[in-house]
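Down below is the structure, laid out as C-alpha cells.
The values are calculated or read from the model by the stated rules, or taken from the named source; none is laboratory data. Quick caveat, the model's predicted, so the values are computed rather than measured. Every residue, glycine among them, receives a Cβ derived from its backbone with ideal geometry; neighbour counts consider all protein chains shown.
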Amino acid sequence: MSPVYWSKRMGRKLYKTDVFRSLANFEEQNTLKDGQKVDRPYRSDIVVESYTKGTALTAQDLTATDDLLVVDTVKAALLYVDNVDKIQNKYSAANAWIDEAGKRLSNAIDAKFLYQVFNSNNTVDDGTIGGTSGDGITLSAGNILDVFGAVNLQLDLQNVEEEERFFVISPHFYTVLWKYIAGKVTMLGDKTGENGNIGRYAGLKLYKSNNLTGSARWTPANNPSNGDTITINAVTFTFVSTIGTTAGNILQTTSTAVTIDNLVALINAGGEGDGVNYVSLSTANKRVVQNWVAVDGTTYLEVRAMGSSYLTVTGSDATDVWTATQQAQNLFAGRKGCVDAVIQKEPSTEMGPTVAVGKSGTNILPMTLFGVYVFYQGKNEMVRVKLRSDAY
C-alpha cells in the first residue's frame, strides 16, 4: 500500500576533469580549418667551429625535415531513443545522454593528449633518483621531493622556461604530496581557475588528472599453453592451439615471439580479429581496447591504456610474469604548449529520424574530429614520470 515516488531528476554521474585545453598549443587550429595535415619542418643544427686564417672551412649541410600534424582521430557514439519512450519516460533520455556524450568525447581528447608523454625525450624513473633504471618509482613522502627535483633538472637541461612549466599528477601522487606538506594547502599557492589546476609547487604549476595513461608489461616464461589466459582491465585473452570462434582467442603458435605478435595485432586492431590468428573481441571489449596501444618487445608485451591511470592485470600461468616494477602510471611534466592540438569538430551532436529503417524514433550521433601531435622541439620540452602502480 506504500507508493514509490520518482525523484525530479536522475542520479548524478561523476566525470574526469580535462586538462588539455589549459596545456595544449592550438596555434595550428586556424591553419587547419580545412585539410588534414600541417607541416612544421625542423632544420638541422649548425656547429660553431674554430677558424684558421687563410684556411677554408668545410661548408655544413643545411637541411630541413618534414614534421606533420595529422587530424585523423574521430570519436563518436551512436545512441537511439524510441518515440514510445519519449512519450512514456519521466525523464528526457536524449538530453541526459547527449550531455554525457559531450563529456565523454572531451575526455577522449584529453586522454590522447596525455598519452603524448610517451614521445618525450626525457624520463624520470627509479634510476633517476638512485634506484634501478627503467623501473617505476615507488613514491613516498621520503622521495617525492627528489621527483620534483629530477623533473626540474630535466627541464633545466633542455633550457625550458621556468614560468611555463607544468606537472600533471595523479590522485595517488597528490595523496603523497599532501602528506609531505602536512596538509598545508597554502604551500601550493593559489589556484588559477584552469581545469584541473590545484596550485603550484617547486616551480611547477600542478594539474590533477585521473585520465593519465597506465601501462603494464607481460613477460611469458615460454610459449603459452593451450587454454592459458591473461586478463587486462577485465578483458580476457585466451591462447589456443586451434583458433576457433570464441571472442578473444589468440593462436598459440610454436614461437613465443609470434604468439606475442598475434596478441599485439589484435589489440592494435582495436579488438577486430582476422579469424586466422586472433578472434574479434565482444563489442563491449572492443570499445575498451580501442583506447589501448600494444608495444611488441619480442619477448614481452607492453600495454598502454589511454585514460586509465593504472591497469589491473592477471594471468592463469604463474610463471608468466606481469613485472611489478613495470606496472606504471605515466605522469606528464613539461612546458605549456609542448603538445599541439587541432580540433576540427568540437564535441557536438547530430540527430535524425529512423522512420526510413522502420523504427519510430531518433538516432543521436555525438562526434568529435581532432588531432594531437608532438612536433620535433616539443619532445625536448616534456618529461615522462614513471610511477610504480602495482599497489593501486
Within region 325-345, tally of residues that are farther than 19 Å from Ser209 by Cβ and either at pLDDT below 95 or surrounded by 24 or more Cβ atoms within 10 Å (Cβ to Cβ) (or both): 1
Leading residue by the ranking (nearest to the chain's Cα centre (by Cα)) among those in region 1-25 that are under 22 Å from Lys112 (Cα atoms) and either outside any loop (DSSP other than H, G, I, E, B) or hydroxyl-bearing (Ser, Thr, Tyr) (or both): Phe20
What do you reckon, is Val84 of a type in the set (A, V, I, L, M), closer than 30 Å to Ala150 by Cβ and either in contact with a Cys (Cβ under 9 Å, 6 or more places away or on another chain) or in contact (Cβ under 8 Å) with a residue 12 or more places away in the chain (or both)? no
Please find, among Leu331, Leu281, the residue that is in contact (Cβ under 8 Å) with a residue 12 or more places away in the chain and within 20 Å of Asp110 (Cα to Cα). Leu331
Tell me which residues, restricted to region 283-332, are more than 14 Å from the chain's Cα centre (by Cα) and small (Gly, Ala, Ser). Ala284, Gly297, Gly315, Ser316, Ala318, Ala324
Taking helices (runs of 4 or more DSSP H) that fall entirely within region 64-178, which contain at least 2 residues that are surrounded by 22 or more Cβ atoms within 10 Å (Cβ to Cβ)? 93-115, 144-157
Only one of these is touching a residue at least 60 places away in the same chain (Cβ under 8 Å) and under 30 Å from Trp322 (Cα atoms): Gly102, Gly130, Gly136. Name it. Gly136
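Can you tell me how many residues in region 284-308 are basic (Lys, Arg) and either within 19 Å of Gly136 (Cβ to Cβ) or in contact (Cβ under 8 Å) with a residue 24 or more places away in the chain (or both)?
Number of matching residues: 1.
Conditions (1) hydrophobic (A, V, I, L, M, F, W, C); (2) within 30 Å of Asn107 (Cα to Cα), marked per residue:
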| residue | (1), (2) |
| --- | --- |
| Ile243 | yes, no |
| Val264 | yes, yes |
| Asn277 | no, no |
| Tyr310 | no, yes |
Of the listed residues (Ala221, Ala257, Ala247), the one being of a type in the set (Gly, Ala, Ser) and in contact with a strand residue (DSSP E or B) (Cβ under 8 Å, 6 or more places away or on another chain) is Ala221
Condition first: in a strand (DSSP E or B), within 30 Å of the chain's Cα centre (by Cα) and under 15 Å from Trp322 (Cα atoms). Can you find one or more residues in region 238-261 that meet it? no
Restricting region 268-313 to residues that are part of a loop (DSSP other than H, G, I, E, B) and hydrophobic (A, V, I, L, M, F, W, C), the residue that is surrounded by the most Cβ atoms within 10 Å (Cβ to Cβ): Leu281
Within region 335-350, is there a residue that is assigned to a strand (DSSP E or B), more than 30 Å from Asp156 (Cβ to Cβ), touching a Lys or Arg at 6+ places or on another chain (Cβ under 7 Å) and not assigned by TED's automatic domain parsing to the domain that holds Pro171? no
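So that you can scan it fast, the table gives a plain yes or no per residue for (1) assigned by TED's automatic domain parsing to the domain that holds Thr299; (2) loosely packed, with under 15 Cβ neighbours inside 10 Å; (3) at pLDDT 95 or above:
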| site | (1), (2), (3) |
| --- | --- |
| Glu194 | no, yes, no |
| Ile198 | no, no, no |
| Tyr207 | no, no, yes |
| Thr219 | yes, no, yes |
| Thr229 | yes, no, yes |
| Asn233 | yes, no, yes |
| Thr238 | yes, no, yes |
| Ile243 | yes, no, yes |
| Ala247 | yes, no, yes |
Qualifying residue in region 40-54 (condition: outside any loop (DSSP other than H, G, I, E, B) and closer than 24 Å to Gln377 by Cβ): yes
Residues within region 194-235 that are outside any strand (DSSP E or B), touching a Phe, Trp or Tyr at 6+ places or on another chain (Cβ under 8 Å) and free of Cβ contacts under 8 Å to residues at least 40 places away in the same chain, tallied: 1
Looking at (1) at pLDDT 95 or above; (2) out of contact with any Phe, Trp or Tyr (no Cβ under 6 Å at 6 or more places or on another chain); (3) surrounded by 15 or more Cβ atoms within 10 Å (Cβ to Cβ); (4) on the phi < 0 side of the Ramachandran plot, find the lone condition where Val321 falls short. (1)
